[in-house]
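A.B. asks: Handing you a structure now.
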Amino acid sequence: MTTSYAFCLYVAGHSERSRAAEANLRALARARLPGGYELEVVDVVARPGLAEEQRILATPTVVRHLPLPELRVIGDLSDPPRVALALGLPDEPPGSRAEKEAGGA
């Protein structure tokens, strides 16, 4: 049985920090979640009501909706091991790190 992962990334506009957070989260999810994941990106400038409803106080913020319990991480997500731990992501699949270090996939 595989676990489904669903994330919502709250950003403020199209700033460099917002783009970096999205790129970092996508790279981490590709590496750690080979079975796939869902990601919604919400611009809190365009949708302030949703940010208020979800109690988003700072951006960028990623919310892991699934699997429960819901978890949150604030920041540009530039420290993959720390973000993976905070979001409860599984370890990288065997061999993926060695392939990257060897210049593979």
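The values are calculated or read from the model by the stated rules, or taken from the named source; none is laboratory data. What you see is a predicted model, and the numbers here were worked out from it, not measured in a lab. When we count neighbours, we look across all protein chains shown, and the Cβ atoms used for this are built from the backbone with ideal geometry, even at glycine. Keep in mind that these areas ignore ligands, DNA and RNA; they rest on the heavy atoms of the full protein, side chains included. Shrake-Rupley method; radii C 1.70, N 1.55, O 1.52, S 1.80 Å.
A.B. asks: Amide H neighbours of residue 45 under 5 Å, at least 5 residues apart or on other chains, H built in the peptide plane: list them.
C.D. replies: Residues meeting the criterion, in which the H sits 1.01 Å from N, are 13.
A.B. asks: Related question: Around residue 7, which amide H atoms from residues at least 5 apart in sequence, or from another chain, sit under 5 Å from its own amide H, with H modelled in the peptide plane?
C.D. replies: 38, 39, 40, 65
A.B. asks: What part of the accessible area of the chain, given as a whole %, is carbon or sulfur when the probe is 1.4 angstrom?
C.D. replies: So the carbon and sulfur contribution to the accessible surface is 54 percent.
A.B. asks: So what's the Cα pair-distance distribution over segment 35-78, bin width 10 Å, in %?
C.D. replies: 24, 57, 18, 1
A.B. asks: Report the dimensions of segment 1-96 along its three principal axes from the alpha-carbon atoms, largest first, rounded to Å.
C.D. replies: 41, 27, 18
A.B. asks: From the helices alone, meaning DSSP H stretches of at least four residues, give me the mean residue ellipticity at 222 nm for the chain, per-run term -39500 (n - 2.57), in deg cm²/dmol to the nearest 500.
C.D. replies: Value at 222 nm, helices only: -9500 deg cm²/dmol.
A.B. asks: Using a 7 Å offset from Cα along Cα-Cβ at residue 66, what residues in segment 19-46 end up with backbone N under 14 Å from the label point?
C.D. replies: 35-40
A.B. asks: Follow-up question, since we're still on this one. Before I look further, what does the chain give for accessible area per residue, probe 1.4 Å, in whole square angstrom?
C.D. replies: 63
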